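Data block below; observations after.
We did not get these values from a lab; they are worked out from the coordinates using the rules stated. Bear in mind that the values here come from a model prediction, so they are computed numbers and not experimental data. All Cβ positions, even for glycine, are placed from backbone atoms using ideal geometry, and neighbour counts span all protein chains on display.
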Amino acid sequence: MEIEYASAPLARLLNTEAETIKMWGAQRSRKVRQRMAELVAMPNLATMSTLIAARLAALDGDRCGQYSVEVLAPFHLVFEPIHLEQGQVRHDLRKIKNIRILEVTSIE
């Protein structure tokens with residue numbers, strides 16, 4: 001998949017091993033970087049859903065239209081599809097080939 005980032009500082013953080021270790025420690029950093037590599041390697045979001053450990057989830061409420069993959073509970077990598085029709089709530093996961101990473105956050 002093609003990956004974009006919500007901000008330049010987020011891109012720098014997620015693409016620099018030293019920065020991720022500094023931010024989250026070695027174990028969580030390793031998982032964040034693993035999930036990023038998995039997302040890049042997948043041709044679309046439907047194939048990401050086959051990785052059970054990633055726990056791909058469609059979010060709801062004020063995060064409707066966003067998705068997450070688990071990093072280390074309770075932390076998740078939150079992203080949204082891009083280049084789709086505006087206002088589309090349900091997405092065909094096979095058509096999602098471009099995403100924008102929004103944040104790494106705790107989701108309970």
(request) Note the angle between two axes, namely the Cα long axis of helix 17-41 and the longest principal axis of the Cα atoms of the chain, as a number of degrees from 0 to 90, rounded to the nearest 10. (result) 30
(request) For the stretch 2-106, restrict the atom set to alpha-carbon positions and state the Rg and Dmax in Å. (result) 13.1, 38
(message) Can you return the lysines within cross-link range of K31? Criterion is Cα-Cα under 18 Å, with same-chain partners fewer than 8 residues away left out.
(response) K22
(message) What does the net charge come to around A6 if you take all other residues with beta carbon closer than 10 Å to its beta carbon, with K and R at +1 and D and E at -1?
(response) -2
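As a test of the formula, what do you get for the chain when each DSSP H run with n ≥ 4 contributes -39,500 (n - 2.57) and the sum is divided by the residue count, at 222 nm and rounded to the nearest 500 deg cm²/dmol?
Numbers: 3 runs with 36 residues, N = 108.
The helix-only estimate for the chain comes to -10500 deg cm²/dmol at 222 nm.
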